[in-house]
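Shown next, in structure tokens, is the structure this report addresses.
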Amino acid sequence: METTYKVKVWKIAVYKGAKGTTYTARWTLDGREYREPFGTRALADSFRSELVSAMRRGEAFSRETGRPVSHASGASAVNWYDFAVQFADAQWHRTAGNSRKNTAKALTATTVAFLRTSPTTFKPVDVRTALREFAFNTRRREEAPPEVATILKWVERNTLSMAAWEDPVKVEGVLRSVDTLLDGKRAAASSIKRTRRILNVAMAYAIKHKILRRNPLPKGRGATPKTSNAVDRRSLIHPQRMARILARIRRRTRGGRRLHAYFSTLYYTGPRPEEAVAMYVDDVTLPPADAEDQWCDILFHTAEPEVGKNWTDDGAIHEERGLKGRADDDTRIVPGPPALTRIIREHIKAEGLKPGDRLFQGENGGILAGSVARRAWGTARKAELTEREYESPMGRRIYDIRHTRLTKWLNDGIPPAQVAYWAGNSVPVLLAFYAGCIEGQLPDLKRRMEAQGDLPELP
């Protein structure tokens, strides 16, 4: 820990704002100013007196925290890299694959910002890869090849201590670095918000283990950028265009009919893609064979998101878990219209599927790969949409098929509580996401408001 004895303590600064008065203790170390705000003058004076007493005793002050060495918390004895590895391991056993991956990304960006110097013998991209794929991956850390282990040892030697979090100026610089992409542009608001959430959990972990006294991350309005959860209505797919895209997918020479059945299920019943790929033949209740014009029932009970083999406990690409936001054993049943009844019946017969088989399989059996579905969707979308439509958000992601179905249910007048059940959402979440996409009911609403009357017309 770097220290200095060149200390000057200034008088208390008073700021009277709209929300109250702030009393700030001010002092400098080697000309660099430090500040500590308080809500009352008594607290500020007490803190200032401690600084003056330490200065008169000839006590050294830390350059990282600005405080007397005697005030140092356990932070100065803990290396940020060591702490980040410990935190990643603690999170690994309580989070799912995608959360593990996001935690590793956030810790990687933060660790790079905590380096004392930039690497000279390693490429920056190699340092980031070593951190993300090995240092903060509990399952793979011991598998790191020698060249990666060398990089990680260098990072450990060149990382600041946790005491840097007690320096507001350093915290501001770290957050600015974490919020910036490699090309120098600011990261998306949703990405910044996710990183802040992970770092706040890390700070709570540090406080719990008595490494930090308080959370140094900024709070309140403006601490994180605002994000909107509302669905962009431009991403919704018109029924005629959807029909053309599905027909194009069906005509694919490799697996076209299988993929057509999969995408039709997404369109007619609105599940999340990871819920659809987890379906089995037993999850579909079809009417009798001579009743092609009747509805079927689709049971959703499991999700198998594709997270990558490096982030699952067993090394599988997909991770099996319960429905999103629900108890592990929760299920839901969604009705499928006669058109879907015919498609699924034909699909089961053509593929020779039996009870206990996966409903939507890859070419070699097993679960349908996300890369195959995305490639088929992207190719068909490009072929069937105009250039302007293709460049627009319309159906850009497979998930937009779900948004389209849920919006259509709401616009058809189906009660939000029923739509929320079929979608696997709560009613507040459903309305917050899709309120801006509901249309076609305004004329009827205007007639209702006119019928209720208003103030009488004044002469």
*Take the range 182-226 and flag every residue that is surrounded by 13 or more Cβ atoms within 10 Å (Cβ to Cβ) and polar (S, T, N, Q).*
Ser191, Thr195, Asn200, Asn215, Thr224
*Does the range 136-181 hold any residues that are within 21 Å of the chain's Cα centre (by Cα), assigned to a helix (DSSP H, G or I) and either touching a residue at least 60 places away in the same chain (Cβ under 8 Å) or buried (at least 19 other Cβ atoms within 10 Å of the Cβ) (or both), and which are they?*
Val174, Leu175, Ser177, Val178
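Given the residues Glu147, Glu59, Glu172, which is the only one that is of a type outside the set (S, T, N, Q) and either at positive phi or outside the structural domain of Ile198 (by TED's automatic domain parsing) (or both)? Give the derivation first.
Numbers: Glu147 fails: either at positive phi or outside the structural domain of Ile198 (by TED's automatic domain parsing) (or both); Glu172 fails: either at positive phi or outside the structural domain of Ile198 (by TED's automatic domain parsing) (or both).
When all the criteria are applied, what remains is Glu59.
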*Scan (1) in the same structural domain as Tyr280 (by TED's automatic domain parsing); (2) free of Cβ contacts under 8 Å to residues at least 24 places away in the same chain; (3) under 23 Å from Gln294 (Cβ atoms) for the single condition Arg388 breaks and write down its number.*
(3)
_Please verify whether Tyr399 is under 21 Å from Gly270 (Cβ atoms) and within 28 Å of the chain's Cα centre (by Cα), treating the condition exactly as stated._
yes
*Pairs only if they're at least six apart or on different chains, beta carbon under 7 angstrom, first in the range 396-420 and within 25 Å of Arg381 (Cβ to Cβ) and part of a helix (DSSP H, G or I), second modelled with pLDDT under 90 and not small (Gly, Ala, Ser); list them, first residue then second.*
His403/Val231; Leu406/Tyr434; Thr407/Tyr434; Thr407/Cys437; Leu410/Tyr434; Leu410/Ile438; Asn411/Ile438; Asn411/Glu439
*Is there a residue in the range 200-211 that is touching a Ser or Thr at 6+ places or on another chain (Cβ under 6 Å) and either of a type in the set (Gly, Ala, Ser) or closer than 22 Å to Ala88 by Cα (or both)?*
no
*All but one of (1) in the same structural domain as Pro393 (by TED's automatic domain parsing); (2) closer than 30 Å to Gln91 by Cα hold for Tyr267; which doesn't?*
(2)
*asked:* It is to be established whether one or more residues within the range 330-343 are under 24 Å from the mean Cα position of the chain (by Cα) and farther than 21 Å from Ala373 by Cα.
replied: yes
*Tell me, yes or no, whether the range 329-337 has at least one residue that is under 19 Å from Ala243 (Cα atoms), at pLDDT 90 or above and surrounded by fewer than 15 Cβ atoms within 10 Å (Cβ to Cβ).*
yes
*Give the residues of the range 86-103 that are touching a residue at least 60 places away in the same chain (Cβ under 8 Å) and part of a helix (DSSP H, G or I), sorted by residue number.*
Phe87, Ala90, Gln91, Gly97, Asn98, Arg100, Lys101, Asn102, Thr103
*For the range 3-13, name all the residues that are free of Cβ contacts under 8 Å to residues at least 24 places away in the same chain, assigned to a strand (DSSP E or B) and not small (Gly, Ala, Ser).*
Lys8
*Output the residues belonging to the range 295-317 that are within 18 Å of the chain's Cα centre (by Cα) and part of a strand (DSSP E or B).*
Ala303, Glu306
*asked:* Out of everything in the range 59-85 that is without any contact (Cβ under 8 Å) to a residue 60 or more places away in the chain and among the aliphatic types (A, V, I, L, M), what residue ends up being surrounded by the most Cβ atoms within 10 Å (Cβ to Cβ)?
replied: Val85
*Considering each of Pro305, Pro239, Pro287 in turn, give the residue that is at pLDDT below 95, buried (at least 19 other Cβ atoms within 10 Å of the Cβ) and of a type outside the set (Val, Ile, Thr).*
Pro305
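The values are calculated or read from the model by the stated rules, or taken from the named source; none is laboratory data. Keep in mind that this is a model prediction, so the values were computed, not measured. Every residue, glycine as well, gets a Cβ built from its backbone with ideal geometry; the counts of neighbours run over all protein chains shown.
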